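Reviewing the structure listed below.
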Amino acid sequence: MNITKRTIGMATIMLMLLVSACTPAAAPTPDLAATIAVNVAIEQTMAALQTQSIATELAYQQQHPTETATPQPTATSEFTPTPDKITLTLSKDTYCRNGIFAKSPYVALMSAGQTYDVLAIDPNNQAYYVVEPDHTFTYCWVWGEYAKLNGDKDRLPVYTPQPLPTPTYTATVGPDFSVSYVGQQVCGADYYLRFFIKNTGSKTWEALQINVTDNTKNVTTTYNNTVFVDYLNCVAGVSESDLTPGESSNVAVKVSEDPTGHSMSATIILCQTDASGGCNPKTITFTP
């Protein structure tokens, strides 16, 4: 390409010198026809040189085609081999559980002779955290007693298994009641001992028996009823046909002698008469 430019330049200079030599030093009257002829000659010469330059350039390109760089392969880092995975083989069918305890819920029964991938070990080196192959993304703990480890145990990470959940117990309230001595009611020659009874359980009480013992005189009075009746101001008071959970009532028991100042005890027995049945006794001591 530079050769062509130099050639054109040299040709232009030669033509200018030629024109200068052919022109008289002092021409009083310019020769128009000669000037036109010279200009035409210059243009023809330039056109010829340009055509030659183009041909020369094409020939050069054909002989020296543009070289395309061949991409070189990029060097890769040195290959690091993946450590061999650690597995275990069972010598006996073993439950795989979601914890390491015997009471931990089991996930699957792992078969003897089968090999399983090991992911971790527990802090006590007694159980292995493995992949359960029959279920996707299922992992569980298998006891190491029947497990033969294949690989370096020291490469296993240590996992802490979940502890057993603390059981929560909801207390079931059974049939129950509370009882206390209220006082003595005297009606002439009759003496009544009054008790306050409240149903604190979950069952309905439908019958009662009260055994009142005068420990001073060693005399016992027994009272039975299917209703809960109070006796106040020498008149039978409000009665309850039963005691439902949370319900309460006063109950009066007539005794044969004046108990004032005596050591007394009373055993109150409440019963259910429905299909559930059952009776509960409670004993209290008091001095009227």
Completion exercise
Taking the range 214-248 and keeping residues part of a loop (DSSP other than H, G, I, E, B) and either of a type in the set (Asp, Glu) or closer than 19 Å to residue 285 by Cβ (or both) leaves 215, 216, 217, 218, 242, 247
Completion exercise
Of the candidates 192, 159, 181, the one satisfying the condition of being touching a Phe, Trp or Tyr at 6+ places or on another chain (Cβ under 7 Å), within 30 Å of residue 122 (Cα to Cα) and among the hydroxyl-bearing types (Ser, Thr, Tyr) is 159
Practice task
Kindly establish whether residue 146 is at pLDDT 85 or above and either within 20 Å of residue 160 (Cβ to Cβ) or in contact with a helix residue (DSSP H, G or I) (Cβ under 9 Å, 6 or more places away or on another chain) (or both).
Solution key: no
Completion exercise
Here the residues within the range 249-268 that are at pLDDT 95 or above and either of a type in the set (Lys, Arg) or more than 27 Å from residue 188 (Cβ to Cβ) (or both) are 267
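Here are some residues: 182, 238. Which one is of a type in the set (A, V, I, L, M), over 30 Å from residue 111 (Cβ atoms) and open to solvent by 80 Å² or more (accessible area, probe 1.4 Å)?
None of the others qualify; the one that does is 238.
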Practice task
List every residue pair whose Cβ atoms sit under 9 Å apart, with the two residues 6 or more apart in sequence or on different chains, where the first one lies in the range 94-109 and is among the β-branched types (Val, Ile, Thr) and the second, anywhere, is modelled with pLDDT of 85 or more and surrounded by fewer than 15 Cβ atoms within 10 Å (Cβ to Cβ).
Solution key: 94/109; 94/111; 94/112; 94/145; 100/124; 100/126
Practice task
Can you give me the number of residues within the range 263-286 that are in contact (Cβ under 8 Å) with a residue 24 or more places away in the chain and open to solvent by less than 50 Å² (accessible area, probe 1.4 Å)?
Solution key: 13
Exercise for the section: Please work out if residue 111 is more than 19 Å from the chain's Cα centre (by Cα) and modelled with pLDDT under 90. Expected result: yes
Completion exercise
In the range 84-104, anything touching a Ser or Thr at 6+ places or on another chain (Cβ under 7 Å), closer than 15 Å to residue 131 by Cα and not in a strand (DSSP E or B) is listed as 98
Practice task
Determine the pairs where a residue that is farther than 25 Å from residue 218 by Cα and open to solvent by 60 Å² or more (accessible area, probe 1.4 Å), located within the range 242-262, has a partner that is assigned to a strand (DSSP E or B) and not aliphatic (A, V, I, L, M) with Cβ atoms under 9 Å apart, the partner being 6 or more residues away or on another chain.
Solution key: 245/199
Problem - Filter result for the condition that a residue is of a type outside the set (Gly, Ala, Ser) and open to solvent by 70 Å² or more (accessible area, probe 1.4 Å), over 97, 155, 194 - result: 155
Practice task
Considering each residue of the range 249-288, count those that are assigned to a strand (DSSP E or B), farther than 20 Å from residue 200 by Cα and among the charged types (D, E, K, R), and give that number.
Solution key: 1
Handout entry: Residue that is surrounded by the most Cβ atoms within 10 Å (Cβ to Cβ), among those in the range 197-213 that are of a type in the set (Val, Ile, Thr) and in a strand (DSSP E or B)
Key = 197
Practice task
Kindly indicate whether any position in the range 160-172 is closer than 24 Å to residue 272 by Cα, in a strand (DSSP E or B) and among the small types (Gly, Ala, Ser).
Solution key: no
Problem - Test: residue 133 is within 18 Å of residue 118 (Cβ to Cβ), part of a loop (DSSP other than H, G, I, E, B) and either open to solvent by less than 50 Å² (accessible area, probe 1.4 Å) or among the hydrophobic types (A, V, I, L, M, F, W, C) (or both) - result: no
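The values are calculated or read from the model by the stated rules, or taken from the named source; none is laboratory data. Quantities reported herein were computed from a predicted structural model and do not represent experimental measurements. Reconstructed Cβ throughout: ideal geometry from the backbone, glycine too, with neighbour counts over all protein chains shown. Heads up: the accessible areas ignore ligands, DNA and RNA and are worked out on the full protein's heavy atoms, side chains in. Shrake-Rupley method; radii C 1.70, N 1.55, O 1.52, S 1.80 Å.
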